[in-house]
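In what follows, a single structure is set out as structure tokens and then discussed.
Every number in this text was worked out from the coordinates using simple rules, so none of it is lab data. Treat the numbers as computed from the prediction; the structure is a model and nothing was measured. All Cβ positions, glycine included, derive from the backbone under ideal geometry; neighbour counts span all protein chains shown.
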Amino acid sequence: MSEPCALIGILDDGLSGLSARAQARLAAADLVIGAQRTLDLIAAGPQKTQAMDGQLGRVPEWIRAAREAGRSVAVLATGDPLCHGIAGFLIGKLGADAIEVLPAVSTLQLAFARLKKTWQTAKIVSVHSRDAGEWNVGATPDHGLYGLVRAAAEHPLIGVFTSPENSPERIARALLAAGHGDDFRLSVAARLGLPDERVFADLPLAEAASQRFPDPNIVVLERIAPPDTRATFGFDDADFVQRTPEKGLITKQEARALSLAKLCLRPDSRVWDIGAGSGSVGLEAARLARHGHVWAIEKNAGDAANARENARRLRASNYTLVEGKAPDTLDAWPDPDAVFIGGSGGELAGLIHLVLARLAPGGRLVMNFVTLENLATATTALSAAGAVWDVVQLQASRSQPILDMHRLAAHNPVWIVSAYKDIS
């Protein structure tokens, strides 16, 4: 078998930007594989070339076959193939010994250099993926811009690999829709290394959203507004928009805190919130599961509107709300790690069986009840399904002023039922 395949990073300045070793490996190659755009950057030579556009999955097979025939192979990639590039894919398919990586400077590194911004603290995101369309509030993790919008919720400096579809202007529109309009400035470094290279520095998102930038390009996002310093959870009931005039139809803070604790959330948990009401539990779960996602459903139109407004105020871009009645739409949701049932619309027993069937191993189901009948229905259904469950009765009282003193005013007791599947 021939020597390892040379995976060569190349920029738009072509051969002149390659190291001596990279040029030597390229010149010695019997077969050169790359996107047509990268193949066009090198002078035509005696080697056979193979365009891989639309055929990425076949590249390992081409490399393997050439090496088994004793032929030398080079693969061209843009910039640094180990940074959101093809290197990980090829090494995973062929093994590390089959690949020699000869990187160029990353286009992201060049973009920061042109902008004269340090980048050691930058979060790197790639949206160089299939066209998922414009970002809309409530978009789920399969959207092409999801990772970028979530990064904006946590990171003050972001470098972005773009694509013609997921362009700088679309990125700006996504961040505006997610409520970050005054938070970031957007810079674009376009056609790096070419005679018509251009840099657009520190644009307001609203201005960038209406422009068209030359391709190819890199985006740099820099936060200019103070980050969100609110608590991760523990919001006051009054912080949430609630239904009026029946103020108080909300999972109150004391029950909310214990319910969230019982859900045993991880940073990447997938959460269902059934009977979302004002969204208080689901939205605090979204802050705890900041690398996960919350899918919520609420049948009351007024409550659903309040939940959407609360999500907007909290900039909960990892929260999807459906207006409807469970179990409708649940079959389209991914299997959950945690489920909260705050309302069941008369379908409690059926919902419990459905949730237990879909719950990921080790996942938790938590329910809140204020009536004996629903408590009895729940415990009966859990026992019939062979689930492990427990009940906590939460009786909380809050201080209230009376003249120049204070008294304790009792809330109605709440039964908090938590359960998980017995997989022993």
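Observations, loosely collected:
- Rough spin-label spacing in nm, given labels placed 7 Å along Cα→Cβ, for residue 333 and residue 89: 3.3
- Residue with peak Gaussian network fluctuation, the chain [Cα springs, cutoff 10 Å], from 156, 164, 226: 226
- Normalised by 2.2 N^0.38 Å, with N the number of residues, the alpha-carbon radius of gyration of region 331-394 equals 1.07.
- Between residue 213 and 169, the built amide H atoms are under 5 Å apart, and every one of these is 5 or more places off in sequence or on another chain.
- Under 19 Å from the residue 123 label point (7 Å along Cα→beta-carbon), backbone N, region 182-199: 182-188
- GNM flexibility winner over the chain from 101, 220, 339 (Cα, springs under 10 Å): 101
- Counting Lys and Arg as +1 and Asp and Glu as -1 over every other residue whose Cβ lies under 11 Å from the Cβ of residue 197, the net charge comes to 0.
- Calculated mean residue ellipticity, 222 nm, the chain: -8000 deg cm²/dmol, from DSSP H runs (n ≥ 4) at -39500 (n - 2.57) each, averaged per residue and rounded to 500.
- Label point 7 Å beyond Cα of residue 64 along Cβ direction - residues of region 70-96 with amide nitrogen under 11 Å: 93-95
- In degrees, nearest ten, helix 168-177 long axis to first principal axis of the chain (Cα): 10
- Taking the inverse of the mean 1/r over every pair of distinct Cα atoms in region 108-223 gives a Kirkwood hydrodynamic radius of 13.9 Å.
- Residue order, fewest to most beta carbons within 10 Å, for 420, 319: 420, 319
- Simple spin-label estimate for residue 397 and residue 21 in nanometres, 7 Å along Cα-Cβ: 7.6
- Choice from 326, 35, 208 with maximal GNM fluctuation in the chain (Cα, 10 Å cutoff): 35
- Over region 159-297, the reciprocal of the mean inverse Cα-Cα separation, the Kirkwood hydrodynamic radius, stands at 17.8 Å.
- Compared with the dominant Cα axis of the chain, that is its longest principal axis, helix 301-314 is turned about 50°.
- Cross-link partners for residue 262 among the aspartates and glutamates, with Cα-Cα distance under 18 Å and sequence neighbours closer than 8 places in the same chain left out: 254, 273, 284, 337, 390, 422.
- Each of 235, 184 was scored by other Cβ atoms within 10 Å of its Cβ. Listed from fewest to most, they are 235, 184.
- Selection from 136, 174, 184, by position along the positive dipole direction of the chain (Cβ): 184
- Listed values [x] 52, 27, 16; [y] 31, 29, 20; [z] 37, 35, 15, entry calculated as semi-axes √(5λ) of the Cα gyration tensor in Å: [x]
- Inter-label distance for residue 349 and residue 2, nm, one decimal - labels placed 7 Å from Cα along Cα-to-Cβ: 7.0
- For region 189-214 versus region 1-70, the inter-centroid distance based on Cα atoms is 30 Å.
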